[in-house]
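Notes for the one structure printed next.
The values are calculated or read from the model by the stated rules, or taken from the named source; none is laboratory data. Quantities reported herein were computed from a predicted structural model and do not represent experimental measurements. Counting neighbours? That spans all protein chains shown, and the Cβs are built from the backbone with ideal geometry, glycine included. Surface accessibility is based on the protein's heavy atoms, side chains included, excluding ligands, DNA and RNA. Shrake-Rupley method; radii C 1.70, N 1.55, O 1.52, S 1.80 Å.
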Amino acid sequence: AGNGIVDPLTPVLTTTSGVAAVTSWTLGATAGTDTLTATTSPVLTGSPVRFTATATVGAPATMEKTSGDNLTGQVGSTLGTPHEVTVRDANGNPVAGVSVTWAVPLGTGSVNPTGSTTDINGKATTTRTLGLTPGTQTTTATANLTGGGGSTTVTFSVNATVGGATQMTINGGN
């Protein structure tokens, strides 16, 4: 993933037994493979030597809304755009496998599913069906972020509107 730090930055001399070592190698913040290359001067057989290490994703620390907020739909309809959250570790890497619970206030429609798990990109989604009352309706997403202080909730807002007339009847005067 790169961006790691090695100490010391200056060339290292070998010991009397021919071993050269760095004091420390700190991997970069981005999950993935980091490589450290050791070369000799003058060039010897086997030089350069490459060492690799894998920086792994940390504990879930943040959850943010990434799609499906501030939508408008007709009362009783299912929204075409799902609600979506993204969970990341403290370094901004997406975290897979985090359970997200979705909920709506009683009587204001539903979500499907009511629970989902973040994918490899740290994303979890649900589909919202609006309730029958016009106005602002909300959906919450809650997850336990072990790297960020416990349970975290984000709230989506949706504007439910009344649809146009679907039928017409004569009521008199004909």
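Rounded to a whole number of µm²/s, how large is the Stokes-Einstein D of the chain at 37 °C and 0.692 mPa s, given Rh as the Kirkwood radius over C-alpha pairs?
The diffusion coefficient I find is 161 µm²/s.
Relative to the Cα centre, what is the charge dipole magnitude of the range 57-174, using +1 at the beta carbon of each Lys and Arg, -1 at the beta carbon of each Asp and Glu, and rounding to the nearest 20 debye? Don't skip to the answer; put the middle values down first.
Values: 4 positive and 5 negative charges, 24 e Å.
It comes to approximately 120 debye.
Compute the projected area of the convex hull of the Cα atoms of the range 100-162, averaged over all viewing directions, and report it in nm² to one decimal place. Display every interim value, and only then the final one.
Details: hull surface 18.7 nm².
Its Cα hull, projected and averaged over all orientations, spans 4.7 nm².
Any idea what % of Cα-Cα pairs in the range 1-87 are farther than 20 Å?
Every Cα pair in the range 1-87 considered, those over 20 Å come to 60 percent.
Specify whether the C-alpha gyration tensor of the range 129-169 places it in the rounded, prolate or oblate class, a ≥ b ≥ c being the square roots of the eigenvalues: rounded for a/c under 1.5, otherwise prolate if a/b is larger than b/c and oblate if not.
prolate
May I ask you to give the solvent-accessible area per residue for the range 11-50, in square angstrom, as obtained with a 1.4 angstrom probe?
Working: 3050 Å² over 40 residues.
Each residue of the range 11-50 exposes 76 Å² on average to a 1.4 Å probe.
What accessible area per residue, rounded to a whole number of Å², is obtained for the range 63-174 using a probe radius of 1.4 Å?
For the range 63-174, the solvent-accessible area averages 55 Å² per residue.
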